[in-house]
């Protein structure tokens, strides 16, 4: 039976975790306090399985976790927090959880798209600060939504986009025989789309997928939505093109470092809408994820 620690639970997580973790399940100890990266090897001593929400396991840390055999990452983007190559070399299995929040993430992406299109965040801040800033927005009906990635979340986004009257197209890196929307090449998608929503996994083949050349190939004034991973976009190029006005707006839920530092360029830019990596975070999605995490930990 695996000895399992949930290393970085929070009171909010624990409230839902207790609704899912039943007496018949494997025992899981939960740690409620944040743990410094240098303290991780000591903190997980005696455990061979760790459930991880947002704790970094870099190569140097993993090298000192000698009893660790299995990491269950709460989500799909394990590579943003865990050095997967180092884990592989050390024989540490890394499990991820897919599909638990497809609808939740797509709904958040659509919320970001709408907020960006109508400048909701800027007007909200102005009003909170005592101002009155009337800003013109962009209508959705008849505009083109380009989906970069047509997995579970992309398909849900396609459904939502079509539901609000957006002409929806998609690019996928591999063939999709039953695609719900027309598939096009990436350059064609970027040139045609008024809104571009990213739904790719982050890996060696997709890092900086939207590099400077592809970002420059966006339709002028396009709005880009990212609820996937920050590493999909070349941020330096993104910032340059936002400042130049070529990209109309960037709405994101994900960052290279989370939480982002005070020097994060996106914090200081106009034409951005920022949320705190919360796209997946509904009770329904969370409980599905926690249930699967328990099952994966039990499998070893």
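Please verify whether residue 73 is buried (at least 18 other Cβ atoms within 10 Å of the Cβ), touching a strand residue (DSSP E or B) at 6+ places or on another chain (Cβ under 9 Å) and at pLDDT below 95, treating the condition exactly as stated.
no
Which strands (runs of 3 or more DSSP E) does segment 201-297 wholly contain that include 2 or more residues that are closer than 19 Å to residue 173 by Cβ and in contact (Cβ under 8 Å) with a residue 12 or more places away in the chain?
Counting at least 2 such residues, we get 222-226.
Identify, from the list 245, 271, the residue that is surrounded by fewer than 19 Cβ atoms within 10 Å (Cβ to Cβ), at positive phi and in contact with a strand residue (DSSP E or B) (Cβ under 9 Å, 6 or more places away or on another chain).
271
Filter segment 80-92 down to residues that are under 21 Å from residue 290 (Cα atoms) and touching a strand residue (DSSP E or B) at 6+ places or on another chain (Cβ under 9 Å), then give me how many there are.
Of the residues in segment 80-92, 3 are under 21 Å from residue 290 (Cα atoms) and touching a strand residue (DSSP E or B) at 6+ places or on another chain (Cβ under 9 Å).
I'd like the full set of residues that are more than 27 Å from the chain's Cα centre (by Cα), more than 18 Å from residue 94 (Cβ to Cβ) and in a loop (DSSP other than H, G, I, E, B), limited to segment 1-50.
1, 22, 23, 24, 25, 26, 27, 45, 46
Can you go through 30, 61, 49 and tell me which one is in contact (Cβ under 8 Å) with a residue 40 or more places away in the chain, touching a helix residue (DSSP H, G or I) at 6+ places or on another chain (Cβ under 8 Å) and more than 30 Å from residue 161 (Cβ to Cβ)?
Only one candidate qualifies: 49.
Per-residue answers, yes or no, for (1) part of a helix (DSSP H, G or I); (2) assigned by TED's automatic domain parsing to the domain that holds residue 253; (3) in contact with a strand residue (DSSP E or B) (Cβ under 6 Å, 6 or more places away or on another chain); (4) within 18 Å of residue 251 (Cα to Cα):
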site: 135; (1), (2), (3), (4): no, yes, no, yes
site: 147; (1), (2), (3), (4): no, yes, yes, yes
site: 150; (1), (2), (3), (4): no, yes, yes, no
site: 155; (1), (2), (3), (4): yes, yes, no, no
site: 170; (1), (2), (3), (4): no, yes, yes, no
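The values are calculated or read from the model by the stated rules, or taken from the named source; none is laboratory data. Since we're looking at a predicted model, the values are computed, not measured. Backbone-built Cβ (ideal geometry, glycine too); neighbour counts: all protein chains shown.
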